[in-house]
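A short worksheet on the structure shown next.
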């Protein structure tokens, strides 16, 4: 299998299936297509990905000629293809709740995703503090995340949302990275979960690679003018 992804420092959607496959030791070849321009169809990124999938977006999983795009479709495909791994919880009720949480992330939290774009390398606590003051919808997103994570952790007993690391945790890994980048203040339960996610093997491997990229893309950096070490 090949997994087409964008820059690890910036691509939150690419991060989700990558860390899941890495965590469960599902073999794949990584194909990184550098971000350059999302506005024009003739950009190198758009042209390269359009050869693989009609959306022109990453991630895309290719398995024996079959292209699967969109993160939810990819993780569902992996769950069916590698049923020996508990990518989703084994219990019917828990599996339904995990899918609900992933779907909510997939379709919601637009303010968090817009004003706090993924930037694993950066440390922007002053930006996070300002955004929390200026963006009521961001505070609402944080309150909802803390509530949903707290409920899932209490029900499962942890250490991850549904006990062992799975799709739901991979889905929220970019959110955990944002919490660290922007220094967003959260309760102790949420902070503990964030630390466990970032320390999990697949996520930690992605973070190491992101830090090693040293690739500054100005259009992905609304709060900085250069990559500062």
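The values are calculated or read from the model by the stated rules, or taken from the named source; none is laboratory data. Predicted model only: the values in this text are computed from it and were never measured. Glycine gets a Cβ as well: all are built from the backbone with ideal geometry, and neighbour counts include every protein chain shown.
Can you pull out every residue in region 58-69 that is in a loop (DSSP other than H, G, I, E, B) and crowded, with 17+ Cβ neighbours inside 10 Å? Even if it seems obvious, please write down each step before you answer.
Looking only at region 58-69, we keep the residues that are in a loop (DSSP other than H, G, I, E, B), and these are 58-59, 64-65.
Answer for region 58-69, where residues must be in a loop (DSSP other than H, G, I, E, B) and crowded, with 17+ Cβ neighbours inside 10 Å: 58, 59.
Could you tell me whether residue 168 is modelled with pLDDT of 95 or more, more than 20 Å from residue 192 (Cβ to Cβ) and in contact with a helix residue (DSSP H, G or I) (Cβ under 6 Å, 6 or more places away or on another chain)? No; evaluated as a whole, the condition is false for this residue. Condition check for residue 158 on (1) out of contact with any helix residue (DSSP H, G or I) (no Cβ under 6 Å at 6 or more places or on another chain); (2) assigned to a loop (DSSP other than H, G, I, E, B); (3) farther than 20 Å from residue 88 by Cα: one failure, at (3).
For region 75-97, the tally of residues that are part of a helix (DSSP H, G or I), in contact (Cβ under 8 Å) with a residue 24 or more places away in the chain and either crowded, with 19+ Cβ neighbours inside 10 Å or outside the structural domain of residue 18 (by TED's automatic domain parsing) (or both) stands at 4.
In the set (1) without any contact (Cβ under 8 Å) to a residue 40 or more places away in the chain; (2) over 30 Å from residue 163 (Cβ atoms); (3) touching a strand residue (DSSP E or B) at 6+ places or on another chain (Cβ under 8 Å), residue 47 fails one condition alone, (3).
Residue 145 versus (1) surrounded by fewer than 19 Cβ atoms within 10 Å (Cβ to Cβ); (2) over 26 Å from residue 217 (Cα atoms): which is the lone unmet condition? (1) is the only condition that residue 145 fails. Please specify each residue of region 8-57 satisfying the condition of being touching a helix residue (DSSP H, G or I) at 6+ places or on another chain (Cβ under 7 Å), part of a loop (DSSP other than H, G, I, E, B) and closer than 27 Å to residue 84 by Cβ. Once the filter is applied, which keeps residues that are touching a helix residue (DSSP H, G or I) at 6+ places or on another chain (Cβ under 7 Å), part of a loop (DSSP other than H, G, I, E, B) and closer than 27 Å to residue 84 by Cβ, region 8-57 yields 26, 28.
A single entry from 68, 75 fulfils the requirement of being touching a strand residue (DSSP E or B) at 6+ places or on another chain (Cβ under 6 Å) and under 20 Å from residue 12 (Cα atoms): 68. Looking at region 123-134, is at least one residue within 22 Å of residue 102 (Cβ to Cβ), within 19 Å of the chain's Cα centre (by Cα) and crowded, with 17+ Cβ neighbours inside 10 Å? No, because not a single residue in region 123-134 is within 22 Å of residue 102 (Cβ to Cβ), within 19 Å of the chain's Cα centre (by Cα) and crowded, with 17+ Cβ neighbours inside 10 Å. In this structure, is residue 103 touching a residue at least 12 places away in the same chain (Cβ under 8 Å), within 24 Å of residue 20 (Cα to Cα), surrounded by fewer than 13 Cβ atoms within 10 Å (Cβ to Cβ) and within 17 Å of the chain's Cα centre (by Cα)? So residue 103 passes the test.
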